[in-house]
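Structure first, commentary second.
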Amino acid sequence: MTDETPRTPKITQAMIHAYDEYTHLTLDRRGFMAKLTALAGSATAAAAIAPLIGASKASAQIVDPQDERLTTVWANFPAAGAEMKAYVAKPADAEGSLPGVLVIHENRGLNAHIQDVARRLALEGFVAVAPDFLSADGGTPPDEDKAREMIGALDAEKTVERAVAAREWMVGYEGVNGQAGAIGFCWGGGLVNSLAVADPELGAGVAYYGRQPDATDVAKIKTPMLLHYAGLDERINAGIDAYKAALDEAGVEHEIVVYEGVNHAFNNDTSAARYDKTAADRAWEKTVAFLKAQLGAA
C-alpha cells in the first residue's frame, strides 16, 4: 500500500526572496512565476508553492467582525485634499475615553487582514483607526497586484500629509482621549517612520519591518519608537545601523528588536510560509505593552 497523503511543498529561502522581489521591487507576476518554476523544478510545484508564500484571504480573520465585545464602523474624513476612508474599531463597553492608534496597512492596502489587526488592537483597550491610503484613487481594490501598483504610484509627500491628517482626525474622534500612536507593517511600517519625522504630536510609533527615514531627518522625531525587524530580511535590515546611529545621536527613545531566523512579514498570519507565530506573538506582546506605557492606557 502506498501513502497518498499530500505533502507540503518545500519552500526555500530563495523562493521567499523571489517573492519579496516580486512584491517590493521590480519583478512582475510572470517573472516571479518563471523564477519560482526554476527554483521549484516544475510549473506544477511552483503553482502549489505560490499560494503558501503569498497571503490567503481565507486566513484573514482572527477576531470576528461581529464580535460583540467591539464596535466597528467605517468613517470618512478630509485629508490633504482627499476624502479618506477608515475602518474604526473600539471596545463596546469602554468606560471613558481611550488612546487612539492608527493602524497603517502593508502595500496590499486596507484589506481584511489589517481590519482584523485593528480589531485585535481594540480588544487591547484602544480605539484603532485603520485608514485606507488608496482612498483618493477609489479605495483598496480586491486584486493585490493592482493594490501594490497603486501604492507604488502614491506621492510620498502627500501620503505623509494624509497620515498626519489621519492622526489629527483620530484625536478628535468620539471616545479618543487625545493620545495618539501609530503602528504599521511593511509599507505601513515605513510610513510610521515618516510620520514620526513629520508629526511632533505623535505619542508613540511602532514599525514592523519598515523602510527607515533619511538619517538627516531622524532628529525631527519627538516620539518614542519601537522597531521590529525580521532577521532574514536583508533588504530592509540594510538600513538598521544608520537609523540606530541617528536615533542615538538625536537622543530619541527607541527599542530595536531583530527576530532571528524569520522573514519579512512574519506578523502576517495569512501567509503560511512567512508567518512565524513565536516571533509574531512576542512582537505583539511588546507592541501592546509599549503602546499602553507610552499612551497611558490601562
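May I ask you to list the lysines whose Cα is less than 24 Å away from that of LYS292, ignoring any residue fewer than eight positions away on the same chain? Within reach: LYS90, LYS220, LYS222, LYS244, LYS277. Rounded to the nearest 20, the Cβ-based charge dipole of segment 147-298 about its Cα centre (Lys and Arg +1, Asp and Glu -1) stands at 240 debye. Magnitude of the charge dipole for the chain, about its Cα centre and with charges confined to Cβ atoms of Lys, Arg (+1) and Asp, Glu (-1), is about 420 debye. Stretching the chain fully between GLU201 and ASP281 yields a gain of 25.9 nm (0.36 nm per residue, less the alpha carbon separation).
Take the alpha carbon gyration tensor of segment 102-183, find the square roots of its eigenvalues, order them as a ≥ b ≥ c, and report rounded if a/c is under 1.5; if not, report prolate when a/b exceeds b/c, else oblate.
Details: a/c = 2.68, a/b = 1.47, b/c = 1.83.
Oblate, since a/c reaches 1.5 and b/c is not below a/b.
A protection proxy built from the mean count of other Cβ atoms within 10 Å ranks the segments 144-155, 110-121, 215-226, 173-184, most packed first, as 110-121, 173-184, 215-226, 144-155.
Scoring 233-241, 271-279, 101-109 by mean Cβ neighbours within 10 Å over their residues and listing the highest first yields 101-109, 271-279, 233-241. Across segment 128-139, computed HN-Hα scalar couplings (Karplus, 6.51 cos²θ - 1.76 cosθ + 1.60, θ = phi - 60°) run 9, 10, 10, x, 9, 7, 9, 3, 5, 10, x, x Hz from first to last residue, x flagging Gly and Pro. With the helix formula -39500 (n - 2.57) applied to DSSP H stretches of n ≥ 4, the chain reaches a computed 222 nm mean residue ellipticity of -12000 deg cm²/dmol. Between THR44 and ALA75, the modelled label-to-label distance comes to 5.3 nm, taking each label 7 Å out from Cα in the direction of the beta carbon. Rolling a 1.4 Å probe over the heavy atoms of the protein chains gives the chain an accessible area of 45 Å² per residue. For the chain, the longest principal axis of the Cα atoms and the long axis of helix 43-53 meet at an angle of about 20 degrees.
Would you mind calculating the gained length between ARG30 and ALA94 on full extension (0.36 nm times residue separation, minus the Cα-Cα distance), in nm to one decimal?
Value of the extension gain: 18.1 nm.
The values are calculated or read from the model by the stated rules, or taken from the named source; none is laboratory data. Given the structure is predicted, the values throughout are model-derived calculations rather than measurements. No Cβ is skipped: glycine too gets one built from the backbone with ideal geometry, and neighbour counts run over all protein chains shown. Just so you know, the surface numbers come from the protein's heavy atoms only, side chains and all, with ligands and any DNA or RNA stripped out. Shrake-Rupley method; radii C 1.70, N 1.55, O 1.52, S 1.80 Å.
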